[in-house]
1. Return the residue satisfying two criteria in turn: it lies in the stretch A:47-66 and is assigned to a loop (DSSP other than H, G, I, E, B) and more than 7 Å from chain B (Cβ to nearest Cβ), and of such residues it is surrounded by the most Cβ atoms within 10 Å (Cβ to Cβ).
2. Got a sec? Which strands (runs of 3 or more DSSP E) wholly within the stretch B:119-194 have at least 2 residues that are more than 14 Å from chain A (Cβ to nearest Cβ) and under 26 Å from residue B:104 (Cβ atoms)?
3. Determine, yes or no, whether residue A:107 is assigned to a helix (DSSP H, G or I), in contact with a Ser or Thr (Cβ under 8 Å, 6 or more places away or on another chain), closer than 20 Å to residue A:135 by Cβ and within 14 Å of chain B (Cβ to nearest Cβ).
4. Being more than 18 Å from residue A:134 (Cβ to Cβ), surrounded by 14 or more Cβ atoms within 10 Å (Cβ to Cβ) and of a type in the set (Asp, Glu) is the filter here; which residues of the stretch A:1-46 pass it?
5. Can you find a residue that is buried (at least 20 other Cβ atoms within 10 Å of the Cβ) and free of Cβ contacts under 8 Å to residues at least 40 places away in the same chain anywhere in the stretch B:139-149?
6. Given the conditions (1) crowded, with 24+ Cβ neighbours inside 10 Å; (2) in a helix (DSSP H, G or I), report the number of the one that residue B:90 does not fulfil.
7. Going by what's in this entry, would residue B:75 be described as buried (at least 24 other Cβ atoms within 10 Å of the Cβ) and either within 13 Å of another protein chain (Cβ to nearest Cβ) or of a type in the set (Lys, Arg) (or both)?
8. Mind checking which pairs have a first residue in the stretch B:22-41 that is within 11 Å of chain A (Cβ to nearest Cβ) and a second that is surrounded by 23 or more Cβ atoms within 10 Å (Cβ to Cβ) and hydroxyl-bearing (Ser, Thr, Tyr), Cβ under 8 Å, 6 or more apart or different chains?
Amino acid sequence: MTRRHIEAKINGDNCDFLCESNETLLSVIRNQLQLTGTKEGCSTGDCGACSVMLDGRLVCSCLTLAVEVEGKNIDTIEGMSNGEDLHILQRKFLEHAALQCGICTPGFLIAARALLEKNPNPTETEVRYWLAGNLCRCTGYHKIVEAVLDAAEEMRG
Amino acid sequence: MKRVKKMQYESPKSIDDAISLISNSPGNVRLLAGGTDLLVQMQSQVADPDLVIDIKNIKEMKEFKKEDGVYTVGAAVTGMEIIEHEEFGSDWPGVVDGVKLIGSIQIKGRASMGGNLCNASPAADSIPAMIASGASAVIAGPNGRREVLVEDFIKGPGKTSLKSNEILLSVKFPIKKPNSSGAYLRFTPRTEMDIAVVGVGINVTMSDSGICEEAKVSIGAVAEKALVVEDAATALVGNKITDEIIENFISKVRASARPINDKRGTVDFRIQVIGVIAKRALKMALERIR
């Protein structure tokens, strides 16, 4: 069987790729499109390291087939900063030292941005529940939650 | 993902096309909505389908509508779409309680209530809530459509009454009665990202004078499938909800539970806790009517 030709938008740019029918979106993003900011953790939807936005929805790219994204918009961590200007969340993660090894960080940032777009003034509890699908095995969650709350405050102005 | 054979992917635009694909494919066919169960099974080689039929491009599967008081939730409508539907949430809060507990935000961005139903886990969070609400499964097949109550749709762990050439189209809710409400609660060691040790869905209708007119109770994770506990409903109907009535209600719930011992809980623990959770769910539903 021939590979499927898929056209989609990644971080606002048109892109197309060939994929096997059972290939995941995560595999295509990392291995074909060379956007390696999105990480592979568990591959079973438990850890959130592969979080991306798919038509404005926060999803695990490891549980999405690449063939499903025909005509859709995908946003990855690579589209988060504006060139050299970091997104407020990215800056706050650095200021609060909300990362150590960094594997979970892109997923946390994508998930946190999705939260703040929906709810610009979340409580600590709301942040913790929203980020329950993102696992960090080294820093712990406290600094991450502080960074998100601080970013939210600055974004509200 | 390790592969031994080529998987085909089809994304039909109509129910008829989907049924014809499913009927004419000799190999192992799986339907794809959110994929949060199917892809995990494929990754771990529990599932190795020859053909995956993506149902998300069928308009009816994504429809979420209210007509003459009856909600129809397409089988591919995602958890987040259900959670964000404020009017549905105020009519069927117990169902939304259940849907909210299905995995993380990421999972609910893709996972559908229809998928939770078809996956037929005995611990599925939305199923007792759907049952307590009197919801039906709308099924499409080569000879037309049929409807079955959710409690009759589920046959056992991973087993439904869907025939091999049938597809779940939607979940349909009855007209909501005035002075009625519902709740779903579960017990888990963690508050998020966990699987129910026990779960209780309940819907109650009260009279103006505080008499319970109607009740439906369903318990999850304590049998091979979610059960309807008629005795527990009978214990409430016709009565004011006093402490004594609640104790009777709890004992009927406990008497119906027939759990197994596993790493998530022992038989004794589950029977004890399901009574506690049932009482809380009842109080939550009553609170919501006020």
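1. Going through the stretch A:47-66, the residues assigned to a loop (DSSP other than H, G, I, E, B) turn out to be A:47-50, A:55-56, A:64.
Narrowing the set further to residues that are more than 7 Å from chain B (Cβ to nearest Cβ) leaves A:47, A:49-50, A:55-56.
Values: A:47: 24, A:49: 24, A:50: 29, A:55: 14, A:56: 11.
My answer is A:50.
2. B:167-172, B:180-187
3. Against the criterion (assigned to a helix (DSSP H, G or I), in contact with a Ser or Thr (Cβ under 8 Å, 6 or more places away or on another chain), closer than 20 Å to residue A:135 by Cβ and within 14 Å of chain B (Cβ to nearest Cβ)), residue A:107 qualifies.
4. Once the filter is applied, which keeps residues that are more than 18 Å from residue A:134 (Cβ to Cβ), surrounded by 14 or more Cβ atoms within 10 Å (Cβ to Cβ) and of a type in the set (Asp, Glu), the stretch A:1-46 yields A:20, A:23.
5. So far as the stretch B:139-149 goes, yes, one or more of its residues are buried (at least 20 other Cβ atoms within 10 Å of the Cβ) and free of Cβ contacts under 8 Å to residues at least 40 places away in the same chain.
6. Of (1) crowded, with 24+ Cβ neighbours inside 10 Å; (2) in a helix (DSSP H, G or I), only one is false for residue B:90: (1).
7. Against the criterion (buried (at least 24 other Cβ atoms within 10 Å of the Cβ) and either within 13 Å of another protein chain (Cβ to nearest Cβ) or of a type in the set (Lys, Arg) (or both)), residue B:75 does not qualify.
8. What qualifies is B:33/B:112; B:34/B:78; B:34/B:112; B:35/A:64; B:39/A:24; B:39/A:64.
The values are calculated or read from the model by the stated rules, or taken from the named source; none is laboratory data. Keep in mind that this is a model prediction, so the values were computed, not measured. Quick reminder, even Gly has a Cβ in these numbers, built from the backbone with ideal geometry, and neighbours come from all protein chains shown.
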